[in-house]
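The values are calculated or read from the model by the stated rules, or taken from the named source; none is laboratory data. Since this is a predicted model, take the numbers as computed values, not measurements. Using ideal geometry, Cβ is built from the backbone for each residue, glycine included, and neighbour counts are taken over all protein chains shown.
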Amino acid sequence: MDAFKTFTGTVCAVDRANIDTDALIPKEHLKSIKRTGFGSALFFDWRYNDDGSDNAEFILNQPKTKGASILVGRNNFGCGSSREHAVWAVAQQGFKVVIAPIEGDIPGFADIFRNNCAKNGLLTVQLSSEQVGQIFEMAAADEALEATINLEEQKVSFKEIEFKFEVDPAVKEKLLQGLDDIAESLLFEGDIASFENQHSVQLSSA
């Protein structure tokens with residue numbers, strides 16, 4: 001996967017809590033055995049009318065979110081089933097970051113969704129409910145809202161405001177280097193080969 005770089009992108013703020021994986025990509029779109037082509041199914045039931053036309057009321061279809069790469073939701077984002085397709089749909093729509101708030105004991109993200117994001121190069125950012133509330137207030141304007149995401153410095157920046165966020169050091173390093181689980185394992189390819197050779201010798205001499 002590509003290494004995560006500092007970028008400035010447009011915000012798409014979906015003002016709903018508990019957005020589950022079935023809302024992100026309904027089950028009827030999980031039939032493909034490929035890992036591509038899921039972007040157009042993101043938020044399918046909210047995004048399209050019954051006749052297949054765009055629902056002009058849904059935020060992702062509005063001009064100010066065209067080409068958006070920063071997705072903002074409310075707490076418990078990605079709850080529900082563990083389908084990795086939900087993450088593929090978010091990423092293939094063009095989003096690089098998902099932001100959600102921690103509200104008391106309620107996390108910003110469901111654990112499985114958050115782990116799947118890290119494995120697929122998507123950065124999940126948890127902020128306070130007050131900070132996310134500010135983002136929604138800014139996103140309510142008619143014009144596009146832009147933000148800069150700096151993973152190295154762990155901050156989300158707008159024109160007049162900046163939010164710091166925490167991130168697991170291991171996840172941060174993998175995203176910055178563009179390493180998925182397989183690529184991370186291949187960093188130890190020499191050690192693996194050495195172990196296998198030694199194991200083969202032991203078996204042949206047994």
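For this structure, a couple of remarks:
- Candidate set: the range 1-55, residues that are among the charged types (D, E, K, R) and assigned to a strand (DSSP E or B); chosen: the one farthest from residue 88 (Cα to Cα): 54
- Condition met for residue 86 (within 30 Å of residue 164 (Cα to Cα), small (Gly, Ala, Ser), modelled with pLDDT of 95 or more and over 14 Å from the mean Cα position of the chain (by Cα)): no
- Test: residue in the range 152-161 that is of a type in the set (S, T, N, Q) and either modelled with pLDDT under 95 or part of a loop (DSSP other than H, G, I, E, B) (or both): yes
- Counted residues, the range 96-148 - those being in a loop (DSSP other than H, G, I, E, B) and farther than 23 Å from residue 169 by Cβ: 8
- Residue satisfying condition, being in contact with a Cys (Cβ under 6 Å, 6 or more places away or on another chain) and of a type in the set (S, T, N, Q), within set 36, 65: 65
- Of all residues making up the range 63-72, the number that are within 15 Å of residue 138 (Cβ to Cβ) and assigned to a loop (DSSP other than H, G, I, E, B): 1
- The residues listed here are 58, 38; of these, the one that is of a type in the set (Phe, Trp, Tyr), surrounded by 21 or more Cβ atoms within 10 Å (Cβ to Cβ) and over 13 Å from the mean Cα position of the chain (by Cα) is 38.
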